[in-house]
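The values are calculated or read from the model by the stated rules, or taken from the named source; none is laboratory data. From a predicted model like this one, the values you see are computed outputs, not experimental measurements. Don't worry about glycine lacking a Cβ; one is built from the backbone with ideal geometry, like all the others, and counts go over all protein chains shown. Note: accessible area is taken over every heavy atom of the protein model, side chains too, but ligands, DNA and RNA are not part of it. Shrake-Rupley method; radii C 1.70, N 1.55, O 1.52, S 1.80 Å.
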Amino acid sequence: MEFDFKSYHLRGIHADTEEEKRSINQELKDLYDSLTVDEKRIFNLELQKFLALETSRLGSDYEAIKNQIPKM
């Protein structure tokens, strides 16, 4: 089983309103609530992996951008 967290993440980023963001979050919560105990365990592990990778990627992007700024 593989959950597509990136699609929820991107939809949330591009949401036009707070209401739309809440709706996307609720959709994800409803999905979680519909899972079996074993599926929830997998969901949680995959979510942790996704968040760790995104955090790492953001850190790398930040460093790359920071290194392009001339030092005064």
Just need a number here: residues in region 1-36 that are over 16 Å from residue 48 (Cβ atoms) and outside any helix (DSSP H, G or I). 6
Select, from 71, 49, 29, the only residue that is under 11 Å from the mean Cα position of the chain (by Cα) and open to solvent by 90 Å² or more (accessible area, probe 1.4 Å). 49
Residues being free of Cβ contacts under 8 Å to residues at least 24 places away in the same chain and open to solvent by less than 80 Å² (accessible area, probe 1.4 Å) - total across region 35-46: 4
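Of the residues in region 52-62, how many are modelled with pLDDT under 80 and open to solvent by 80 Å² or more (accessible area, probe 1.4 Å)?
Qualifying residue count, region 52-62: 2.
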